[in-house]
Ligand SMILES: C[S@@+](CC[C@H](N)C(=O)[O-])C[C@H]1O[C@@H](n2cnc3c(N)ncnc32)[C@H](O)[C@@H]1O
């Protein structure tokens, strides 16, 4: 029998989508790059399924409340605070009651090549990973990316334990060939002196051949990437790139430990909206570039300040961003307007309740 997370009140009944719809709040502008939807995301996800059907979303990210037990307020930078959303739950099951149906609908909405990325921290990551294993399948697990969201400072350091300053991004694929574009970053050399390759006109460093087979060594030799010592020992050359100031830089594959995406407090003030728990654009940029392609339909159903929407539009991916908080709506609207990104404004509605109400 498979492993399953249970809690009192877990509801496995089919989710009815009929009656849910997205209604324009105003006529969509010319050249719209995406949709901003106001309302509860369960209703919005049901409406998206009714409208587009299964597989109609190529990529999805969610940054839901973290079960932090706190209230969050928008800060305008001049001392005014406005309640944005609450993250309080009587028990953990109440939190799962919210996440479980939404994850089930997102699974249905995703296209076969699509991936889902769920950002949480130590409070919910273990629970959601078990749920996602069940909904998507253990074999569809892609990564648990660790992002250092804050430097280890202040109370965190005094807490008598390692600082809890890491967010986890849980990634799952819908099918067996999800999109993935390999990324690399350029890093300064930590040790060793770069050498100059006359033929390639590039700096390089050397590493032992490791587990390269003889066949691979022959291929690398043809590519000019093998260095032999006078005693005949084989080393592999790794070519370097050069920074603007001429410093040799080593390309390093982006792995699942992200300590090079600065916390929001370290990004430009122009990027900071004052919305609580806003995520850095760089985080979404890296995730979108690696796991989606231009033109892919992107969905963020816990949109907050509109980070996913802004980055998706910039990278040429049409977006849908959903949030129920009026402060989120105001922040997202002004952020998109400032970035000159035209969008359609819609409301999630249940025709049954709108007719009776
Ligand atoms: C952690 S914040 C998202 C922050 C966002 N990633 C950003 O960069 O600004 C979570 C958001 O989920 C929204 N939210 C919570 N429950 C919701 C629901 N049932 N329907 C729609 N939005 C919801 C909250 O209003 C809040 O804006």
Checklist entry - What about residue 94, is it without any contact (Cβ under 8 Å) to a residue 12 or more places away in the chain, more than 23 Å from residue 278 (Cβ to Cβ) and assigned by TED's automatic domain parsing to the domain that holds residue 140? => result yes
Checklist entry - Hey, does the range 348-356 have a residue that's assigned to a loop (DSSP other than H, G, I, E, B), surrounded by fewer than 17 Cβ atoms within 10 Å (Cβ to Cβ) and modelled with pLDDT under 95? => result no
Item to check | Residue match in the range 292-309 (condition: part of a helix (DSSP H, G or I), away from the ligand (no atom under 14 Å from the Cβ) and either closer than 24 Å to residue 102 by Cα or without any contact (Cβ under 8 Å) to a residue 40 or more places away in the chain (or both)) | outcome: no
Checklist outcome for this item: Every listed condition ((1) assigned to a strand (DSSP E or B); (2) touching a helix residue (DSSP H, G or I) at 6+ places or on another chain (Cβ under 8 Å); (3) surrounded by fewer than 19 Cβ atoms within 10 Å (Cβ to Cβ)) holds for residue 118 save (3)
Checklist entry - Can you name the residue in the range 311-334 that is touching a helix residue (DSSP H, G or I) at 6+ places or on another chain (Cβ under 6 Å) and within 12 Å of the ligand (Cβ to nearest atom) and, of all such residues, is farthest from residue 294 (Cα to Cα)? => result 322
Checklist entry - What number goes with the only condition from (1) in contact (Cβ under 8 Å) with a residue 60 or more places away in the chain; (2) touching a helix residue (DSSP H, G or I) at 6+ places or on another chain (Cβ under 9 Å) that residue 31 does not pass? => result (2)
Checklist entry - When residues of the range 195-220 are filtered for being out of contact with any helix residue (DSSP H, G or I) (no Cβ under 9 Å at 6 or more places or on another chain) and in contact (Cβ under 8 Å) with a residue 24 or more places away in the chain, how many remain? => result 11
Item to check | Subset of the range 236-282 (residues that are surrounded by 14 or more Cβ atoms within 10 Å (Cβ to Cβ) and part of a strand (DSSP E or B)) | outcome: 236, 237, 238, 239, 248, 249, 250, 258
Next on the checklist: What's the total number of residues in the range 53-96 that are assigned to a helix (DSSP H, G or I) and within 11 Å of the ligand (Cβ to nearest atom)?
Outcome noted: 1
Checklist entry - Looking at the range 1-19, is at least one residue within 15 Å of the ligand (Cβ to nearest atom) and assigned to a strand (DSSP E or B)? => result no
Item to check | Test for residue 111: is it in a strand (DSSP E or B) and under 20 Å from residue 55 (Cα atoms) | outcome: yes
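The values are calculated or read from the model by the stated rules, or taken from the named source; none is laboratory data. Note that the structure is predicted; figures quoted are calculated from it, not measured. Every residue, glycine among them, receives a Cβ derived from its backbone with ideal geometry; neighbour counts consider all protein chains shown.
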